[in-house]
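Asks: Here you go, one structure.
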Amino acid sequence: MVLGYAKGHVLALNAQRSEEPWHGTVTAGLRRSPLGARRRWKTSATSGISSEWAAGMASRGPTATVKGPVPTRPRRATASTGSNRPEPAQAHPDVVTWTEAVAHWEQPLDSADQSRWLNEKGVRLCQWTPAPFETSPTDCFKVDQIYWLWQAGVGGIRFTADLPEFFAFPCPDVEPGWFAQVVTRSWLPAIYQFWGRQVVHASAVAREEGGDVVAFVGPSGAGKSTVAYGLGRRTGWQMVADDTLAFSRADGRLALHPFRQETRLRPATVGHYGVSGEGAATLPWPSGNLTLVRLYCLGVDLGVTGATYITPLTAAETYRLVLEQAFALSLNIPEHNRELMLDYATLAAVPSFRLDYRRSFDVIERVLDDLEAHVVSTVTDATG
C-alpha cells in the first residue's frame with residue numbers, strides 16, 4: 001500500500017506472495033515516510049549486512065547496558081581522530097564537501113529509562129505507527145538542539161543538523177547486525193534532509209566512461225533492483241544504487257552523492273543470475289563527476305504485449321511520481337519541507353520516462369536491450 005504524497009505519515013507493508021515469475025517468492029518489508037515511502041526489507045540469500053558499519057557494530061562484542069538517559073549534548077568527534085572539539089552553530093553542512101554520514105556505534109541503552117527521559121525532556125515531532133510485526137511505534141524527539149529517533153525495545157539514533165554524523169544506541173539483547181540494517185536502510189535515509197540532502201527510493205546505474213547515470217524509481221516490487229542489476233552487469237555499465245539514491249541541489253543543478261549500501265536482490269533474481277552470495281557486497285561509488293541524465297518511473301502494467309513500452313513524462317507527472325518515493329522524517333518541520341519540494345522539483349526536471357515492461361525472466365534480456373537502446377538514442381539526440 002502506498003499513499004500519495006502529502007497524505008501524512010505512512011507505514012506501508014509489503015508482505016505478499018507474487019503470482020508473477022519475476023518475484024515468485026515471499027517478500028516482506030516496509031519503508032517509512034510521510035510522503036508515501038515505505039521502509040523496505042528484502043528477504044533473500046543476499047540479505048546479510050557486510051558494510052563496515054555493521055561490522056563495526058558487531059565487533060563491539062558484549063557491552064554493558066547504560067542505565068538512565070544519555071546526556072543531551074552529544075560528544076563531537078572527527079571520524080579520523082575521535083578528538084573532542086567545540087560544537088559549531090546550528091547550520092546545514094556543506095552538501096558538496098562531505099561524502100558520507102559518520103556512524104558512531106554506542107553501548108546499549110535501557111529502553112524504559114530512555115523512553116521515559118525522551119517523553120519528559122523532549123518535544124515529539126512525529127510518530128511512525130508500528131508495523132504488524134512491531135510492538136511499538138518509532139518516535140522523533142527534539143531535546144534542545146538534539147534530535148532522536150527512538151523505538152522502544154529496538155533502540156535509536158541521536159543527531160544534530162550541523163554535522164553529518166549520528167550516534168546509534170541499540171536496546172539490550174537486540175542483534176547488532178539487524179539493528180545496523182534498521183539504522184542504515186530505514187532511519188538514515190529519512191534524516192539526510194537535516195544535512196541538506198534528499199534520498200529517493202530508487203536504484204541506479206552509471207556509465208563507466210563519462211559518468212552518465214540512469215535511475216529507476218517506483219513502488220516496492222516494481223523491479224528497480226532487478227533492472228538496475230541486470231543493466232549493471234552489461235559492458236560499460238556499473239550499478240551504483242539499490243533502493244536509496246542521495247541527491248541535492250548545488251547552484252540550481254542536481255548533484256548525486258554516495259550512500260553506503262549493499263545490493264539486496266530478491267531470491268528469484270539471485271537464482272536467475274546465479275549470484276548467490278555476491279549481492280552482499282557494498283556497492284562501489286565511481287570516482288569523478290556523475291550526472292543524472294535519465295529517470296525511468298517503473299510501472300506495473302501487466303498488459304504489455306511486447307517486452308517494453310516506454311513513454312515520455314512531463315515534469316509535473318514526474319514530480320508527483322518521485323515525490324511519492326521520497327524518504328522524509330516529518331511534515332512538521334517547515335524549513336525541511338520547503339527544501340524537499342525544491343529539491344524534488346529539480347529532480348523532476350531530469351528527462352523522464354515511464355517504463356512498462358513484461359516482468360518475466362524469459363524476456364529480461366529483451367527488456368534490457370530496449371532500455372539500453374532507448375538511453376543511448378535519447379541521450380545522443382539531446383547532446384546532438
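Asks: Which residue is nearest to A101 (Cα to Cα), if the candidates are limited to the range 238-261 and must be over 13 Å from the mean Cα position of the chain (by Cα) and without any contact (Cβ under 8 Å) to a residue 60 or more places away in the chain?
Replies: Step one: filter the range 238-261 for residues over 13 Å from the mean Cα position of the chain (by Cα), giving 238-239, 248-256.
Now restrict to residues that are without any contact (Cβ under 8 Å) to a residue 60 or more places away in the chain: 238-239, 251, 256.
Values: Q238: 23, M239: 21, D251: 22, L256: 15 Å.
The residue in question is L256.
Asks: Now for a different question. Please count how many residues of the range 90-137 are at pLDDT 90 or above, more than 23 Å from the chain's Cα centre (by Cα) and outside any helix (DSSP H, G or I).
Replies: Total satisfying the criteria: 7.
Asks: Let me ask something else. Within the group I333, I364, which residue is at pLDDT 90 or above and not hydroxyl-bearing (S, T, Y)? Before you say what the answer is, go through the steps one by one.
Replies: Working: I333 fails: at pLDDT 90 or above.
Just one listed residue meets the conditions, I364.
Asks: Also, I was wondering about something else. Out of the residues in the range 129-155 that are free of Cβ contacts under 8 Å to residues at least 60 places away in the same chain and on the phi > 0 side of the Ramachandran plot, state the one that is surrounded by the most Cβ atoms within 10 Å (Cβ to Cβ).
Replies: So the residue we want is G155.
Asks: Restricting attention to the range 305-329, report how many residues are surrounded by fewer than 18 Cβ atoms within 10 Å (Cβ to Cβ) and either among the basic types (K, R) or outside any helix (DSSP H, G or I) (or both). Before you say what the answer is, go through the steps one by one.
Replies: As a first pass, look at the range 305-329 and keep what is surrounded by fewer than 18 Cβ atoms within 10 Å (Cβ to Cβ): 305-306, 309-312, 314-317, 320.
Cutting the leftovers down to either among the basic types (K, R) or outside any helix (DSSP H, G or I) (or both) gives us 305-306, 309-312, 314, 320.
Looking only at that region, the number is 8.
Residue-by-condition table, conditions (1) closer than 23 Å to V376 by Cβ; (2) of a type in the set (V, I, T):
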site: L313; (1), (2): yes, no
site: A316; (1), (2): no, no
site: L329; (1), (2): no, no
site: I333; (1), (2): no, yes
site: N337; (1), (2): no, no
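Asks: Kindly indicate whether E339 is acidic (D, E), surrounded by fewer than 21 Cβ atoms within 10 Å (Cβ to Cβ) and without any contact (Cβ under 8 Å) to a residue 24 or more places away in the chain.
Replies: Details: acidic (D, E): yes; surrounded by fewer than 21 Cβ atoms within 10 Å (Cβ to Cβ): yes; without any contact (Cβ under 8 Å) to a residue 24 or more places away in the chain: no.
So E339 does not fit the description; no.
Asks: Shifting gears a bit: Hey, among L290, L265, which residue is closer than 23 Å to T97 by Cα and aliphatic (A, V, I, L, M)?
Replies: That would be L290, the only listed residue that is closer than 23 Å to T97 by Cα and aliphatic (A, V, I, L, M).
The values are calculated or read from the model by the stated rules, or taken from the named source; none is laboratory data. Because the structure is predicted, anything quoted here is derived from the model rather than measured. Every residue, glycine among them, receives a Cβ derived from its backbone with ideal geometry; neighbour counts consider all protein chains shown.
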